[in-house]
Amino acid sequence: MQYCRIALRVQYLGSSFHGWQRQVAHRTVQGVLEEAIASRAGHEVTVHGAGRTDAGVHAAGQVAHFDTTSTIRPGDWSRILNACLPDDVVVLASVQVSDTWHARFSAIWRRYRYLILNREQPDVFWRLFSWHVRWPLQVERMSEALNSLLGEHSLEAFRCTGSQRAHSLVQVQEVLCQRLGEMISIEVQASGFLYRMMRLLVGSLQVVGRGELSPQEFVRLWQHNDWRLMRTRYSAPPQGLCLTDVGYVTDPFGQLFAHSPPFWALTASTPPFAPLIHSFA
């Protein structure tokens, strides 16, 4: 029986998910998608994602694929799935791809954004989408430290134990740390991300922003994987992190989605769903 491979562009709120990857007795994004697709395709499926986000982490531009023998037209899958998916998952687009294309292994980069609400008082509307840090952070110092990661390096210093990856070599292509009002956005685009890399990185950068670690000390610590200063192991909470985009040599979705902008025009009054909105071309 002939099958076709369908690529999906997916958004989800990670707050009530135990991460992307399917787990027994836990609600996961992969599990919810597989259940919804199987109910419409009439057969079991395996959904492969471009990135395995942790529990509580959001996605604005996750990409996934599955194989099916269903006669449902490729472009109709997004509409059909959105009719049966829970409110915290949306399929933005669905297209047919070649049977050699893979959401994870064909990807050449991923882009993550982390948001820090930097002010004295928390904000109830931003609780699910940012890390509230009440002490003042010096963004210029954080940016200087972050820029040191550009290029290809071993980033073992920003990998938690439990990773199944054979090496810690990562090509960091773009970085940005910028403040607008009370919000700080930290963005990293890289060939891949180590287990909890972004959260460990942001946790370390806020130590630099507080003035407890100089940008030069930060560079020395990650380059030499020096754990004598254990504060560099501080992990930022998951809710501020969002997978914003995934890149391919040829975008399977064409020009439907524009490249994620380097920084959303965020202010304290911006709706909390702003970091999860993806721009359209």
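The values are calculated or read from the model by the stated rules, or taken from the named source; none is laboratory data. As the structure is a computational prediction, the values presented were derived from the model and not from experiment. So basically every Cβ, Gly included, is an ideal-geometry build from the backbone, and we count neighbours across all protein chains shown.
Worth a mention:
- Among the residues making up region 119-141, those that are more than 21 Å from THR244 (Cα to Cα), outside any loop (DSSP other than H, G, I, E, B) and either within 21 Å of the chain's Cα centre (by Cα) or in contact (Cβ under 8 Å) with a residue 40 or more places away in the chain (or both) are VAL133, VAL139, ARG141.
- Cβ pairs under 6 Å, 6+ apart, first in region 7-27 and in a loop (DSSP other than H, G, I, E, B), second of a type outside the set (Lys, Arg) and loosely packed, with under 15 Cβ neighbours inside 10 Å: HIS18/HIS26
- Filter result for VAL170 (part of a strand (DSSP E or B), at pLDDT 95 or above and among the aliphatic types (A, V, I, L, M)): no
- Out of ARG113, ARG165, ARG104, sole residue that is modelled with pLDDT of 95 or more and assigned to a loop (DSSP other than H, G, I, E, B): ARG104
- Close pairs (7 angstrom Cβ cut-off, 6 or more residues apart or separate chains): free of Cβ contacts under 8 Å to residues at least 40 places away in the same chain and more than 15 Å from GLY19 (Cα to Cα) in region 51-75, in a strand (DSSP E or B) and not acidic (Asp, Glu) anywhere: GLY75/SER94; GLY75/VAL95
- If you go through region 47-100 and pick out every residue that is more than 21 Å from the chain's Cα centre (by Cα) and in a loop (DSSP other than H, G, I, E, B), you end up with 10.
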